[in-house]
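Below is one structure, written out as structure tokens; comments come after it.
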Amino acid sequence: MSSRQDRQRPPQQRSRIASLAARLMAEDGINSAALAKRKAARSLGLPDSAAMPDDAEVEAELRTYQRLFQEDEQQARRLHLLGIAARLMTAVQRFNPYLSGSVLDGTAGRYAEIDIQLFADSAKDVEIFLLNERINYRHSPPRTDRAEAVLTLLIDDAVANLVVYPRDDERVSFKTRDGRVRERARLAAVQQLLAGNGRPAA
């Protein structure tokens, strides 16, 4: 193989992995880009040492796939989830809720879960509130060491994760796995998205 082919292979591999990972996320409900990339690489018969795309590349491919093959379904599902998120954020307003994740960034598909960040003196305060409101929940494993707890609810046909952080962490900018600042939005911004059919106000 020529040295030119050697140089070209990693970008081609990254593109192929990103494309298949995006399809797995869109069609099979894989929520983790890291897991989708590993599955994609294995499906393509590539070794563990294969050049992997970053999460932003997979997200770009996911947006393209959804636009080409799932646009109407995906938009309807996202608006449905935004509505549920707004209702839930209204209910837990005392804990300074922020919407984050795929429902906010526009990549939510048929299997997407709602992620809401809460900031409280104690995760127990949130649990007591949910119990008093007769809202059923279960504990899920936190995805980050900063989170005190993840309380998972089933609302209508949607899964919602209340990710509870210490109150002082509200001023912290959370990062994605690849170093980007994680977007988040207060209730008013979520309501604006709903009013604009999922599009931010001009």
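Return the total of residues in region 108-127 being open to solvent by 100 Å² or more (accessible area, probe 1.4 Å) and closer than 17 Å to residue 96 by Cβ. Walk me through it before giving the result.
Of all residues in region 108-127, those open to solvent by 100 Å² or more (accessible area, probe 1.4 Å) come to 111, 121, 124.
Now drop any that are not closer than 17 Å to residue 96 by Cβ, which leaves 121, 124.
Residues meeting the conditions: 2.
Which condition number in (1) touching a helix residue (DSSP H, G or I) at 6+ places or on another chain (Cβ under 8 Å); (2) closer than 20 Å to residue 152 by Cβ is the one that residue 44 fails?
Going through the list (1) touching a helix residue (DSSP H, G or I) at 6+ places or on another chain (Cβ under 8 Å); (2) closer than 20 Å to residue 152 by Cβ, residue 44 breaks only (2).
Out of everything in region 128-155 that is within 26 Å of residue 175 (Cα to Cα) and not in a strand (DSSP E or B), what residue ends up being most open to solvent (accessible area, probe 1.4 Å)?
Among residues in region 128-155 that are within 26 Å of residue 175 (Cα to Cα) and not in a strand (DSSP E or B), the one most open to solvent (accessible area, probe 1.4 Å) is 143.
Can residue 189 be described as at pLDDT 95 or above, more than 27 Å from residue 128 (Cα to Cα) and not β-branched (Val, Ile, Thr)?
yes
Report yes if some residue within region 22-29 is open to solvent by 50 Å² or more (accessible area, probe 1.4 Å), of a type outside the set (Asp, Glu) and out of contact with any helix residue (DSSP H, G or I) (no Cβ under 7 Å at 6 or more places or on another chain); otherwise report no.
First, the residues of region 22-29 that are open to solvent by 50 Å² or more (accessible area, probe 1.4 Å): 23, 27-28.
Applying the additional criterion that residues be of a type outside the set (Asp, Glu) yields 23.
From the residues that got through so far, the ones that are out of contact with any helix residue (DSSP H, G or I) (no Cβ under 7 Å at 6 or more places or on another chain) too are none.
No, region 22-29 contains no residue that is open to solvent by 50 Å² or more (accessible area, probe 1.4 Å), of a type outside the set (Asp, Glu) and out of contact with any helix residue (DSSP H, G or I) (no Cβ under 7 Å at 6 or more places or on another chain).
Residues of region 156-184 being in a strand (DSSP E or B) and closer than 24 Å to residue 86 by Cβ, which ones?
Hits for region 156-184 are 158, 159, 160, 161, 162, 163, 164, 165, 181, 184.
From the residues in region 156-175 that are among the β-branched types (Val, Ile, Thr) and either at pLDDT below 95 or within 10 Å of residue 118 (Cβ to Cβ) (or both), which one is least open to solvent (accessible area, probe 1.4 Å)?
Here the answer is 164.
Would you confirm, using the coordinates I've provided, whether residue 21 is over 21 Å from residue 152 (Cα atoms), in a helix (DSSP H, G or I) and of a type outside the set (Asp, Glu)?
Yes, satisfied.
The values are calculated or read from the model by the stated rules, or taken from the named source; none is laboratory data. Here the structure is a predicted model, which is why all the values come from computation and not from measurement. Neighbour counts are summed over all protein chains in view; Cβ atoms, including those assigned to glycine, are modelled from backbone coordinates with ideal geometry. To get the accessible areas, we keep the full protein, side chains included, count just its heavy atoms, and leave off ligands, DNA and RNA. Shrake-Rupley method; radii C 1.70, N 1.55, O 1.52, S 1.80 Å.
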